Amino acid sequence: KVSNRTFHIAWNKTTGNISSLTFDGRSMLASPSDLPAQPWTQAFRAPTDNDKSFGNWLAKDWKLHKMDTLDIVTLDSLTHQKLPNGSVEVKVAQKNRYAHGSIDTHYIYTITEAGAIDMKVTFSPQGELPELPRLGIAFCIPSDYNLFTWYGRGPQENYPDRKTSTDVGLWKGKVSEQYTHYPRPQDSGNKEEVRHLTLTNNKGKGLRVEAIGKPFSASALHYTAQDIYTVSHDCYLQPRNEVILSLDAAVLGLGNSSCGPVVLKKDAIEKKPHTLHVTLVGQ
């Protein structure tokens, strides 16, 4: 546990995940029984129509490699130390296992005396893996924090190869407005080149995430990737009360595979280490 008068964070030493996070007495984490411990590594997205076209090639590969199921996650190590400047450093190493490969996720949390969390997450693909849909993490945030504000590309959803029609700016909307209700449910709501974002309640209180160095990709939805993936028609899609906040170091482009070429190499995810570096603070 690390805490002061207004801030508290704790880790589960068995799993390596965060078990509680509060700012000014407000809990920032919800914990539905059907979701993994937080934050969880995300390497899967609900397949888009393009992912399913031309022989179902991408979606089929993800299923064959068992990337569409709940991951088998193991904790490799958890260490902590107090630094000379008064900050606390916590290091966590986890492994997400798939059919023929894995993704090693290494967290370095540096918590200042003021309660800011510098979180550096490195994802390292290992073994035999298909084209990667994404590399990132997700949190489940309580339902009160349903106003999403971000400085990045918007206001509509955008992806690495579908973003020049959007402008970089400060955008705001309800979380319920971020998902596009396609007749066949699929990945939606991604925002590229995000410098910072907030999830707040009706009093303007909540969580702020700021990029350190490179911008990141993000989404805030009332659905997990699995929620979207497991239903066949939009009318069956039931929103959660909670907010699923996704922070990604890399996202696969959409391509034109429904009637044209696949994702270009420059918009794919290289199988090499990718890093997400952000600060989490109370808003």
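Tabulated data for the structure shown
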| quantity | calculated |
| --- | --- |
| Residue within region 165-180 that is small (Gly, Ala, Ser), modelled with pLDDT under 95, over 15 Å from the mean Cα position of the chain (by Cα) and open to solvent by 30 Å² or more (accessible area, probe 1.4 Å) present | yes |
| Qualifying positions in region 227-257 - of a type in the set (Gly, Ala, Ser) and closer than 26 Å to GLU128 by Cα | SER246, ALA249, ALA250, GLY253, GLY255, SER257 |
| Subset tally (residues that are touching a Ser or Thr at 6+ places or on another chain (Cβ under 6 Å) and either under 30 Å from ASN256 (Cα atoms) or of a type in the set (Asp, Glu) (or both)) for region 268-283 | 2 |
| Selection from region 216-229 of residues that are polar (S, T, N, Q) and either open to solvent by less than 30 Å² (accessible area, probe 1.4 Å) or touching a strand residue (DSSP E or B) at 6+ places or on another chain (Cβ under 7 Å) (or both) | SER217, SER219, THR224 |
| Output for region 230-266, where each listed residue is crowded, with 16+ Cβ neighbours inside 10 Å, more than 18 Å from GLU192 (Cα to Cα) and not β-branched (Val, Ile, Thr) | LEU237, ARG240, GLU242, SER257 |
| Leading residue by the ranking (farthest from the chain's Cα centre (by Cα)) among those in region 1-11 that are surrounded by 13 or more Cβ atoms within 10 Å (Cβ to Cβ) and under 17 Å from TYR107 (Cα atoms) | VAL2 |
| Residues of region 217-252 that turn out to be in contact (Cβ under 8 Å) with a residue 60 or more places away in the chain, in contact with a His (Cβ under 6 Å, 6 or more places away or on another chain) and either outside any strand (DSSP E or B) or farther than 18 Å from PRO47 by Cα (or both), as a count | 3 |
| Given (1) open to solvent by less than 60 Å² (accessible area, probe 1.4 Å); (2) of a type in the set (Gly, Ala, Ser); (3) within 20 Å of PRO160 (Cβ to Cβ), number of the condition GLY213 does not satisfy | (1) |
| Condition check for LYS191: surrounded by 21 or more Cβ atoms within 10 Å (Cβ to Cβ) and within 17 Å of ASP161 (Cβ to Cβ) | yes |
| Breaking point among (1) open to solvent by less than 70 Å² (accessible area, probe 1.4 Å); (2) under 25 Å from LEU252 (Cα atoms); (3) not hydrophobic (A, V, I, L, M, F, W, C), for PRO32 | (2) |
| Test result for ILE269, under 16 Å from THR41 (Cα atoms), part of a loop (DSSP other than H, G, I, E, B) and out of contact with any Pro (no Cβ under 7 Å at 6 or more places or on another chain) | yes |
| Those residues of region 12-26 which are under 19 Å from the mean Cα position of the chain (by Cα) and assigned to a strand (DSSP E or B), in sequence order | ILE18, SER19, SER20, LEU21 |
| Top-ranked residue of region 272-283 - restricted to ones that are assigned to a loop (DSSP other than H, G, I, E, B) and modelled with pLDDT of 95 or more, ranked as surrounded by the most Cβ atoms within 10 Å (Cβ to Cβ) | PRO273 |
| Set ALA93, ALA59: member being surrounded by 13 or more Cβ atoms within 10 Å (Cβ to Cβ) and in contact (Cβ under 8 Å) with a residue 40 or more places away in the chain | ALA93 |
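The values are calculated or read from the model by the stated rules, or taken from the named source; none is laboratory data. Worth saying up front: this structure is predicted, and the values here are computed from it rather than measured. Note that each Cβ is placed from the backbone with ideal geometry, even for glycine, and that neighbours are counted across all protein chains shown. Areas reflect the complete protein model, heavy atoms only, side chains present, ligands, DNA and RNA absent. Shrake-Rupley method; radii C 1.70, N 1.55, O 1.52, S 1.80 Å.
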